[in-house]
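Notes follow once the structure below has been shown.
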Amino acid sequence: MSAPLLEVSDLEISATGPLVHGVGFRVDAGEAVGIVGESGSGKSLTLRAVIDLLPRGVRVTGGEVALNGRAAMVFQDPLAALDPLMSIGAQLWEVCRTAGGLDRAAALARSHELLRIVHLPDPERRWKHLPGQLSGGQRQRVVLAIALATNPQILLCDEPTTALDVTVQRQILDLLAELRRELSVALLFVSHDLAVVADVCSRVIVMSAGRVVEEGSVAQILSAPRHPYTKMLLGAVLPIPPMDAVAALAAPGELS
Ligand SMILES: Nc1ncnc2c1ncn2[C@@H]1O[C@H](COP(=O)(O)OP(=O)(O)OP(=O)(O)O)[C@@H](O)[C@H]1O
Ligand SMILES: [Mg+2]
């Protein structure tokens, strides 16, 4: 069996005391794995430990993270992830040049290609726009384009749709599924919402109080949850409306 893209074993993360204990899971190339759990259960810290991006004062105190590829992070708030004073085109171009290792002309071509891949509407016109001039959904598309500019094998998504309204959430979830399908990029997708995770992922890890309490396929977790906490989460699951239902709600032809 080939080495997994990401293997986390017996991970322990601590500040003054332990916050995450004995967490282990693997993500294979092109796979979409979800991490669900209540607020404070350790989802974000686990995700951040994968790319050594833990907050000050928090560190890995045990176990191992083996990442066999490039990872890029996508956060909940796209506005905070972007420079408010620089046009979105310039920001994307910059990342294509630095992280993508392209010359000026190639970075320009790649930037335009990436804006097409994430379906930013009217990308030529929006190239010069500042992040504040875009909608929340459009900004998250730009953030995804910037993440893709680093040519990642895995996208680490921390509640990437939580700040968006339900119609826009649907569009971004569909985009993530498309990126996975078309570019074979794996997803490690954190959410407190089991319905969102079930929509995007094939496998789910359930965390509670800094530990993994259950792991299984989406089908197994939805149909036969074992842990009481998972059963409780399931009670709160509402399906995400399909795109045609959402399209009936959204303005015709508008992508946000
Ligand atoms: N910088 C920090 N210093 C000390 N403790 C922290 C720090 N960041 C997070 N924690 C603690 O670690 C635990 C896990 O936090 P984490 O952010 O991973 O939770 P989460 O599952 O992502 O929650 P949410 O759904 O609210 O985002 C929490 O108890 C939190 O208070
Ligand atoms: Mg979090």
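Need the C-alpha centroid separation for segment 131-172 versus segment 101-126, integer Å.
After rounding, the separation between the Cα centres reads 16 Å.
Rounded to the nearest 500 deg cm²/dmol, what is the calculated helix-only ellipticity per residue at 222 nm for the chain, with -39500 (n - 2.57) per DSSP H run of length n ≥ 4?
-11000 deg cm²/dmol
What percent do you get for the relative contact order of segment 46-153 when only Cα pairs under 8 Å and 6+ apart count?
Relative contact order comes out at 37 percent.
Report, for the chain, the % of DSSP beta bridges that are antiparallel, rounded to 5.
Of those bridges, close to 50 percent are antiparallel.
State the three equivalent ellipsoid semi-axes of the chain, derived from the C-alpha gyration tensor as the square roots of 5 times its eigenvalues, in descending order and whole Å.
Working through the eigenvalues yields semi-axes of 30, 23, 16 Å.
How do 230, 61, 46 rank when sorted from fewest to most other Cβ atoms within 10 Å of their own Cβ?
Neighbour counts put them in this order, fewest first: 61, 230, 46.
Once the principal axes of the Cα atoms of segment 79-152 are found, what is the range along each, listed largest first in whole angstroms?
For segment 79-152, the Cα extents along the three principal axes come out at 29, 22, 21 Å.
Show me 79-90, 178-189 ranked by packing, highest mean number of other Cβ atoms within 10 Å first.
178-189, 79-90
Starting from the 7 Å offset along Cα-to-Cβ, what nm value, one decimal, do you get for the label separation of residue 151 and residue 66?
2.4
Laboratory data are not the source of any read-out in this text; all were calculated from the coordinates shown. These figures come from a predicted structure and were not determined experimentally. Every residue, glycine as well, gets a Cβ built from its backbone with ideal geometry; the counts of neighbours run over all protein chains shown.
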